[in-house]
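J.: Got a structure here, written out as structure tokens. Questions coming.
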Amino acid sequence: MRSVNLHLKVLIFLLISLGLGSIAYERYVLQIPFTDREVENLWTIDAKITFDVPRESSVSTKFYIPASYNQYTKFSESLITDKQYGQVLEEDEVGNKVAHYSIRRTKGPETIYYRLALSPNFGGTEKPAETIGTTYRESIPMEGAAKVAADALVSDIRATSSNTLSFISEAIRRVNDIDNANVALLLKGDDSVKNRYAVAELLLSQAHIPVQRVNTLELKPSVDQPTQIWLRSYIETSNRDKDSNRNITTGKWYYFNLTDGSVGLPKNAIIWWVGDDPLVTVNNGLKPKVSFSVTDKELTAISLAQANNAESSDFLAYSLYSLPISIQYGYELMLMIPFGVLVILLVRNVIGIQTLGTFTPVLIALAFRETGLAFGIAFFTIITSVGLLVRSYLEHLKLQMLSRLSVVLTFVIIMIAVLSIFSYKMGFAQGLAIGLFPMVILTMTIERLSITWEERGAGNVLKISMGTLVASSLAYLLMEIPEFVYFVFTFPGVLLVLAGFMLMMGRYRGYRLTELKRFKAMLKEEK
């Protein structure tokens, strides 16, 4: 017996652990929301590329597009143009994604739109591996006054920094101090972000620190959104491994704001391309220009996850959301049946209400989902009442059970058809859904109620019928909660938790609530 108890406890623990683990994985790894009412912004970026072709010729355009999306997932990507441009994608040596758009013959002003839609990362998208950078570079040659000014600045920066990270931040802060005579000399009157990056790169090269220019786009609604220049550097750190007692060197890219030297890209910024090359170059085209427009709109979070599942997550691609919509509806109903059974289990074993079996109330509750609770109770009452009268009459004919059930089933179908016609003529559309009532179950219900009437009397039949309707109504109310239906359909691992709870209820031997009245007198005697 002890081994059986241990077996049961281990089984319950495994089921609940697997169920909760599945839910936690979907929520915190795949970022699937707990409710379908959560909304997120879908960002749409339109990069408008314009240039002029002076004479008819073939044209090829080189345009950088994002290779990664920071905290976001690619929702869609498209090329919009009124001409048939070919497209070839490649990756360069620093990890940039380059799009080549070409056409054999064109002339005059040309416009190409590159559209990118980004959503919050619900799909657990596999991010591309970042390239490994270098940690040493040769100094940029300098001479004269510029050399003296750069050496003085590097010396001051080194005195106020403790490592490569703080050295780069301090160098950027110094470059932004235009009142400093040495900085003013190097800036040469141009304090633009592009020139401040050039001076920062110049100073850092004197300390043999390699850096790269990073061009980002901020996600905020705007008509003409400019790109922003950041600086990044690959920095290695050494940590001692306790097991091998050896130093392990790891490297990471760090991103620096060229305004204040702060570290880390903001969440709403995406890297468009890395390097000093222009964003767009056109072969046989003049005056190339790129302008960005950014818009956002709200979508339900699960719709974003659904749209991303096919290409972003194997887990979601094989979830119930990958099924056709019509099939999904059937599974929504099916997955709610165990929770209807749970309600019946609690009603019978904990509260003590008598019902016609376990599954009959659940099937009636499913029918209530189509007819509505009030109409469903009315239809059930009418059909069972007429069925009991028919069954009582047939009893006097001394028929065999199979023939008796066949006749009752026939009258049940007739009653369903009649009620549907009358309710429809009276303007109640719910009557058309009465055909979803499980006819065989109703027939067996009538048969069982009739036998109970003969054995225990009409009072017991009324008690069981009321208990069945109460249990069915409670199951219906639970299975009709939209948020709960969404949660169970999206996180089916909760069924494992439910199974574990049902196993625990299988060992429940306590009093039912309705029995408290029966044993009230005994409690008084004990006092």
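J.: Which is among the aromatic types (Phe, Trp, Tyr) and farther than 22 Å from Thr490 by Cβ, of Tyr85, Tyr72?
T.: Tyr85
J.: Let me ask something else. Tell me which residues, restricted to the range 83-118, are under 22 Å from Ile132 (Cα atoms) and charged (D, E, K, R). Please lay out each step first, then the result.
T.: Of the range 83-118, the ones under 22 Å from Ile132 (Cα atoms) are 89-98.
Selection gives Glu90, Glu91, Asp92, Glu93, Lys97.
J.: So Ala305 passes all but one of these: (1) surrounded by 18 or more Cβ atoms within 10 Å (Cβ to Cβ); (2) at pLDDT below 90; (3) within 30 Å of Ser60 (Cα to Cα). Which condition number does it fail?
T.: (3)
J.: Out of (1) farther than 30 Å from Pro33 by Cβ; (2) outside any loop (DSSP other than H, G, I, E, B); (3) of a type outside the set (D, E, K, R), what's the single condition that is false for Ile140?
T.: (2)
J.: Also, I was wondering about something else. Provide a single number: the residues in the range 465-499 that are closer than 30 Å to Phe411 by Cβ, β-branched (Val, Ile, Thr) and buried (at least 19 other Cβ atoms within 10 Å of the Cβ).
T.: Residues flagged as closer than 30 Å to Phe411 by Cβ, β-branched (Val, Ile, Thr) and buried (at least 19 other Cβ atoms within 10 Å of the Cβ) within the range 465-499 amount to 1.
J.: Taking the range 267-283 only, how many residues are exposed (fewer than 14 other Cβ atoms within 10 Å of the Cβ) and farther than 30 Å from Ser57 by Cβ?
T.: Selection size over the range 267-283: 1.
J.: With the structure loaded, tell me whether Asn41 is in a strand (DSSP E or B), closer than 30 Å to Tyr486 by Cβ and polar (S, T, N, Q) or whether it fails that test.
T.: Numbers: in a strand (DSSP E or B): yes; closer than 30 Å to Tyr486 by Cβ: yes; polar (S, T, N, Q): yes.
Yes; evaluated as a whole, the condition is true for this residue.
J.: Based on this model, can you work out whether Ser68 counts as under 30 Å from Thr131 (Cα atoms) and not in a strand (DSSP E or B)?
T.: Taking the combined requirement at face value, the residue satisfies it.
J.: Still on this structure, I have one more. Let me confirm something: among Gly459, Gly435, Gly427, Gly467, which residue is part of a helix (DSSP H, G or I) and at pLDDT below 70?
T.: Within the list Gly459, Gly435, Gly427, Gly467, the selection yields Gly435.
J.: Shifting gears a bit: What number of residues in the range 486-510 are part of a helix (DSSP H, G or I) and either touching a His at 6+ places or on another chain (Cβ under 7 Å) or over 15 Å from Val341 (Cα atoms) (or both)?
T.: Qualifying residue count, the range 486-510: 4.
J.: While we're here: Are any of the residues in the range 233-248 crowded, with 18+ Cβ neighbours inside 10 Å and without any contact (Cβ under 8 Å) to a residue 60 or more places away in the chain? So that I can check it myself, show each step before the final result.
T.: So in the range 233-248, the residues crowded, with 18+ Cβ neighbours inside 10 Å come out as 233-235.
Next, from what is left, pick out any that are without any contact (Cβ under 8 Å) to a residue 60 or more places away in the chain: none.
Scanning the range 233-248 turns up no residue that is crowded, with 18+ Cβ neighbours inside 10 Å and without any contact (Cβ under 8 Å) to a residue 60 or more places away in the chain.
J.: Which members of the range 381-403 meet the condition of being at pLDDT below 75 and assigned to a helix (DSSP H, G or I)?
T.: Matches in the range 381-403: Glu395, Met401, Leu402.
J.: While we're looking at this one, here's another question. Is there a residue being in contact with a Gly (Cβ under 6 Å, 6 or more places away or on another chain), in the same structural domain as Ala269 (by TED's automatic domain parsing) and not in a loop (DSSP other than H, G, I, E, B) anywhere in the range 178-187?
T.: No, the range 178-187 contains no residue that is in contact with a Gly (Cβ under 6 Å, 6 or more places away or on another chain), in the same structural domain as Ala269 (by TED's automatic domain parsing) and not in a loop (DSSP other than H, G, I, E, B).
J.: Shifting gears a bit: Quick one: Ile112 ticks every box in (1) within 30 Å of Leu286 (Cα to Cα); (2) in a helix (DSSP H, G or I); (3) of a type in the set (Val, Ile, Thr) except a single one, so which number is it?
T.: Condition (2) is where Ile112 drops out.
The values are calculated or read from the model by the stated rules, or taken from the named source; none is laboratory data. On a predicted model such as this, the values are computed, not experimentally measured, just so you know. Ideal geometry is used to build each Cβ from the backbone, glycine not excepted, and the neighbour counts take in all protein chains shown.
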